[in-house]
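Notes follow the structure.
All of the numbers you see were taken from the coordinates with simple rules; none came from a lab. Treat the numbers as computed from the prediction; the structure is a model and nothing was measured. Glycine also receives a Cβ, built like all others from the backbone with ideal geometry; neighbour counts cover every protein chain displayed.
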Amino acid sequence: MEFLSGHANYFVYIMLMMIGLYGMMAKKNLVKKLVGMNIFQWSLILFFVSIGAKEGGTIPIVEGAHGHGAEIVIQASHYVNPLPHVLMLTAIVVGVGTTGVALAVLLNLYKKYKTLDEDEIIGKL
Amino acid sequence: MDHSQLPILVVLIPMLVSFVIPLVGIWNKKLPFYMATAAMAASLLAALGIMNQVLQQGPISYRLGGWAPPWGIEYYIDHLNAFIMTLVCFISVFICIYSRKSITQERPGKEVHFYCVLLLLFTGLIGMLVTGDMFNIYVFLEISSLSAYALIAIGDEKAHFATFKYIIIGTIGACFYLLGVGYLYMATGSLNIHDLSTLLQPLYGSKVIVVSAIFFIIGLGIKMGLFPLHTWLPGAYTHAPSAVSAYIAPLMSKVAAYVFIRVMFTVFDVSFSFENLPIMEILSWIAAVAIIFGSIVAISQSDIKMMLAYSSISQIGYIVLGVTMGNREGFIGSVLHILNHAFMKGCLFAIVGAIIYRHGTRAIERFGNLHRTMPLTSAAFAVAALSMIGLPPTAGFFSKWYLVLGAISAGKWVFVVVIMISSLLNAVYFFRVVEHVFWKPKSGGTDLPIERNEAPNSMLIPILVLAAGILALGFASHWIIEMVIGQTVPAGIL
């Protein structure tokens, strides 16, 4: 039980990831595949954000330290790690870009085949 | 002249030019082509400058914004990156010159955006090569992949479905790579490649590191198109516009292969990659299957682009096989094959594009009498095909020679047999095309005199340059290995 609660974030991200993978593999509708892909990407983002978090940690801003921060002793364990969060900003942008390109492709597919069902499209190829 | 800023310029020039192109394209539709070519040529010059610097002074470390690594992003260039970067720039310039007529015919009116996205793709590839930061590699990987999705999607009528498949599978690959980075970050708190390689030393027993190595292999395997993760590759290469195929096929999978080499031999060290895990053993068997599988499937294709795409899968197998052999000859063979295969596949796909431009067909059985209508193109095809088969003095022979040497000194005779069989299979499917090009008359053809109808000069010259390059690389291979590739072999590989 302790193992479960101590690693809750990992279980959540793996579950989301598997849901995403399932969506990409099993769904016949291409938009649902795309949604699966998004869930897959967002699960990673949750994973990264969660590894930056610390119990009892606060936002990584040292108050009043501007210009003379050297005098203040900083305990790193009091602050959450901002780096994974910053990385994920980039990953979110990448995710948005991927979704945009994929939606544009789907739009063209729909215009051409009047359907988004994978089997029907393969049949018409 | 101050050379210290070259590592950033090589990425920055194409990126900024690609942002300007859509604006310029509003009032002039012709200029973007020249701008793109000029930007790539500028990058080529910068890459040559870097190459020169690396050869003379050893690896370069460039601090982005002056922040010291490991906190800031570091661009780290040693012999391996400098070499592949020069290669990518060189092929890019010529394929870019080549692309103008082809894309104007296949996708009229799209030139402006085509060159914008092509430059972004180029930026992504170069960025992956110069950077010394794991997360930065991911960002550039996605920049290049997103541009590649867009470029492939403007292809023929089946391109959209192939692109969608590529988007889904490619995103899974990139996400697995990102997961690997995340696990390494969890274990070490660093993203800098060289910082990681020292921080990881005491941690090799940890399961987190092993899992992250596996994530990297799967993610980069997808991006490389390594069998059995190759399913996106044939469709994407086949249905893309011919200029895009000629650009993507030689370069994208090679750069992913570079990242694979970098991760397995610089981030993780050789002892981890070969001893802690049986993964290299498994990978070399997978690569052997990829070589045979790609060659056999290529034989059964009637569409030449599909045939070349499957042949790419088998060539990726060679590259992976060489590095996983774990000895000096094998590694040299792999890096040399990255170079040779980029030239060969660039040349072959460019030739196919020229044939499509003039004759509008990619069906192999309709290539009859091509040597009369397009003699120079056919000659270039023969050179590239001989090189793919691996006949001396073409370049393909030397990389295969080193791969065979590597397999022998690793004591893996099976792989020697695999390389030999695959060369025979290559001969089967390339001679089938050569037979149609040089000996078979056009099916249902009449006895009308056949007019010479060579590809336009802007397409023909890049093809001939690449074909001449194949021959030149064959003659210069000893020198290239001495000068550059010999230095790329990571410490620990004997």
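Once you list every other residue whose beta carbon is under 12 Å from the beta carbon of B:Pro32, what net charge do they have if Lys and Arg are +1 and Asp and Glu are -1?
Details: positive: B:Lys29, B:Lys30, B:Arg100, B:Lys110; negative: B:Glu111.
Overall, the nearby charge balance is +3.
Could you give the angle, 0 to 90 degrees to the nearest 10, between helix B:31-57's Cα long axis and the longest principal axis of the Cα atoms of chain B? Taking the Cα atoms of chain B, the angle to B:31-57 is about 40 degrees.
Charges only on Cβ, +1 for Lys and Arg, -1 for Asp and Glu: so what's the dipole of chain A about the Cα centre, in debye to the nearest 20? Spell out each step's value before the answer.
Working: 9 positive and 8 negative charges, 170 e Å.
For this selection, approximately 820 debye.
Mind jotting down the distance between the C-alpha centroids of segment A:11-48 and segment B:195-218, whole Å? When both Cα centres are located, 25 Å separates them.
Cβ-to-Cβ counts within 10 Å put A:Phe11, B:Phe349 in ascending order as A:Phe11, B:Phe349, the fewest first.
With an a/c value of 1.5 or above and a/b not larger than b/c for the gyration tensor axes a ≥ b ≥ c computed over the alpha-carbon atoms, chain A is described as oblate. Between helix B:457-480 and chain B there is an angle of about 50 degrees, using the helix long axis and the longest principal axis of the Cα atoms.
Along its principal axes, segment B:371-414 has C-alpha extents of 48, 17, 9 angstrom, given from the largest down. Using only the C-alpha atoms, the convex hull of segment B:90-146 corresponds to 68 Å³ per residue.
For segment B:458-493 versus segment B:380-406, the spacing of their alpha-carbon centroids is 12 Å.
Remark: relative contact order (segment B:204-294) = 34 percent; criterion is Cα-Cα distance under 8 angstrom and separation of 6 or more residues. Across segment B:127-179, counting alpha-carbon atoms alone, Rg and Dmax equal 12.4, 40 Å.
Output ³J(HN,Hα) for segment B:333-342: one whole-Hz value per residue in order, computed from phi by the Karplus curve 6.51 cos²θ - 1.76 cosθ + 1.60 with θ = phi - 60°, and x for Gly and Pro. So the J values, rounded to whole Hz, are x, 5, 5, 5, 6, 4, 5, 5, 5, 4.
Put +1 on the Cβ of each Lys and Arg and -1 on the Cβ of each Asp and Glu in the protein assembly as shown; which of B:Gly353, B:Gln56, A:Ile59 then has its Cα farthest toward the positive end of the dipole? Positive-most Cα among the choices belongs to B:Gly353.
Going by neighbour counts of Cβ atoms within 10 Å, the residues B:Cys96, B:Cys175 line up, fewest first, as B:Cys96, B:Cys175. Note on segment B:82-129 and segment B:221-276: Cα centroid distance 18 Å, given to the nearest whole angstrom.
Across chain B, the relative contact order, built from alpha-carbon pairs under 8 Å that are at least six residues apart, equals 15 percent.
Please say if segment A:21-62 is rounded, prolate or oblate, where rounded means a/c under 1.5 for a ≥ b ≥ c the square roots of the C-alpha gyration tensor eigenvalues, and otherwise the choice is prolate for a/b larger than b/c and oblate otherwise?
Prolate shape, in that a/c is at least 1.5 and a/b is the bigger ratio.
Since only B:Gln301, B:Leu191, B:Gly225 are under comparison, the one whose Cα sits farthest along the positive direction of the charge dipole of segment B:159-309, derived from C-beta charges on Lys, Arg, Asp and Glu, is B:Gln301. For chain B, the pair-distance distribution built from all alpha carbon pairs, in bins 10 Å wide starting at 0, is 4, 21, 32, 27, 12, 3, 1, 0 percent.
About its Cα centre, how strong a charge dipole does segment B:322-494 have in debye, to the nearest 20, once Lys and Arg get +1 and Asp and Glu get -1 at the Cβ? Could the numbers behind the result be given before it?
Details: 12 positive and 7 negative charges, 56 e Å.
Computed about the Cα centre, the dipole is about 260 debye.
Translational diffusion of segment B:322-494 was estimated from the Stokes-Einstein equation, with Rh taken as the Kirkwood radius over Cα pairs; at 25 °C and 0.890 mPa s the coefficient is 143 µm²/s. Annotation for A:Thr115 and A:Ile59: the two label points, set 7 Å from Cα along the Cα-Cβ direction, are 5.2 nm apart.
By counting other Cβ atoms within 10 Å of each Cβ, how are B:Leu308, B:Leu203 ranked from fewest to most? Kindly include the intermediate steps, with their values, before the conclusion.
On the way: B:Leu308 29, B:Leu203 14.
The order, fewest Cβ neighbours first, is B:Leu203, B:Leu308.
Couplings for segment B:82-87, taken from phi via the Karplus curve 6.51 cos²θ - 1.76 cosθ + 1.60 with θ = phi - 60°, read 4, 5, 5, 5, 4, 4 Hz in order; Gly and Pro are left as x. Measure nothing fancy, just the Cα-based angle from helix B:413-438's long axis to the longest principal axis of chain B, in degrees from 0 to 90, nearest 10. Roughly 30 degrees between the two axes.
Amide hydrogen proximity for A:Tyr79: with H placed 1.01 Å from N in the peptide plane, the residues at 5 or more positions away or on another chain lying under 5 Å are A:Thr58. Note on B:Lys29: aspartates and glutamates with a C-alpha under 12 Å away, same-chain residues under 8 apart excluded, are B:Glu111.
With one equal scatterer per alpha carbon and no solvent term, the Debye-computed log10 I(q)/I(0) for segment B:294-342 at 0.16 1/Å reads -0.47.
What does the C-alpha gyration tensor say about the overall shape of the protein assembly as shown? Classify as rounded when a/c is under 1.5, otherwise prolate if a/b is larger than b/c, or oblate. Present the calculation step by step, with values, prior to reporting the outcome.
On the way: a/c = 1.60, a/b = 1.45, b/c = 1.11.
Because a/c hits 1.5 or more and a/b exceeds b/c, the protein assembly as shown counts as prolate.
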